[in-house]
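Working notes, beginning with the structure itself.
FYI, it's all coordinate maths here, none of it is from the lab. Here the structure is a predicted model, which means the values were calculated and not measured. Methodologically, a virtual Cβ is constructed for each residue, glycine included, from the backbone with ideal geometry; neighbour enumeration extends over all protein chains shown.
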C-alpha cells in the first residue's frame with residue numbers, strides 16, 4: 001500500500017493537552033493489541049504518564065495525525081535517550097512504535113521513524129536501538145528495510161538478546 005501523504009508528523013509537545021490525549025489513546029490501543037501485551041494501560045499509567053513524560057528530558061515522542069480525517073491521531077513513537085559507553089555518545093532507544101490499525105501498511109511508522117532519526121542526529125546520538133517481538137514479522141520487515149539489524153559485537157559471540165526482570169515496587 002502506498003504511503004499516506006496527508007499526515008502531519010511532529011514531535012509531541014508534552015505540555016499540549018491534545019498531544020497528551022493522542023499519546024495516551026494510541027499507547028492504550030497498542031497495550032491492548034496482542035503485540036503490546038493485550039492488556040489496557042493501568043489507571044496509574046493513564047493518570048501519571050503525562051506528568052512523568054514532562055519531567056524527563058531524556059524522553060521524546062513523535063506523533064502522526066491524519067489531516068484528511070480531521071487530525072485523527074494515527075501513530076506514535078516513544079523514545080528514550082541512553083548512552084553508548086563504547087562510542088562515548090548518546091543513543092536513542094525506540095521504545096514504542098504504534099500505528100492505528102486503520103493506517104497500518106501505509107508507511108506511517110517509516111515516516112515517524114525518519115523524524116526520530118533527525119531528532120537523534122540533533123541530539124548527537126551515534127545510533128538508534130529498538131526491540132521487537134520475534135513474531136511481529138511486519139515490524140521486523142519494516143525495521144530491516146530502514147537498515148536496522150541484530151545487535152552484535154564479535155560475530156562469534158552471536159547477537160544480543162533483549163531480557164527483562166520486573167522489580168517489586
Report task. Take the alpha-carbon centre of the stretch 88-136, take the same for the stretch 39-83, and report the distance between them in whole Å. Result -> 13
Requested in this report: Report the FRET efficiency, 1/(1 + (r/R0)^6), for residue 70 and residue 153, where r is their Cβ-Cβ distance and R0 is 45 Å, rounded to 0.05.
Outcome: 0.40
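When the chain is fully extended, how far beyond the present Cα-Cα distance does residue 10 get from residue 102, taking 0.36 nm per residue of separation?
On the way: separation 92, 0.36 × 92 = 33.12 nm, distance 1.94 nm.
The residue 10-residue 102 span can extend by a further 31.2 nm.
What is the projected area of the convex hull of the Cα atoms of the chain, averaged over all directions, in nm²?
Values: hull surface 45.0 nm².
Mean orientational projected area (the chain, Cα hull): 11.2 nm².
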Query - Rounded to 10°, Cα long-axis angle of helix 17-32 versus longest principal axis of the chain - result: 60
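Take 162, 60, 86 and order them by how many other Cβ atoms sit within 10 Å, fewest up front. Walk me through the intermediate numbers first.
On the way: 162 10, 60 21, 86 7.
So the residues, fewest neighbours to most, are 86, 162, 60.
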Report task. Within 10 Å of each residue's Cβ, count the other Cβ atoms and sort 129, 34 from fewest upward. Result -> 34, 129
Report task. Under a 10 Å cutoff between Cα atoms, tell me which one of 159, 103, 19 has the largest fluctuation in the Gaussian network model of the chain. Result -> 159
Report summary line: Expected unfolding gain across residue 58-residue 43 under the 0.36 nm per residue rule, minus the alpha-carbon gap, is 3.0 nm
Query - Rel. contact order, % - alpha carbon contacts under 8 angstrom, at least six apart, the stretch 43-169 - result: 17
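Helix-derived [θ] at 222 nm for the chain: sum -39500 (n - 2.57) over DSSP H runs of at least 4, divide by residue count, nearest 500?
On the way: 4 runs with 52 residues, N = 169.
After summing the helix terms and dividing by the residues of the chain, the value is -10000 deg cm²/dmol.
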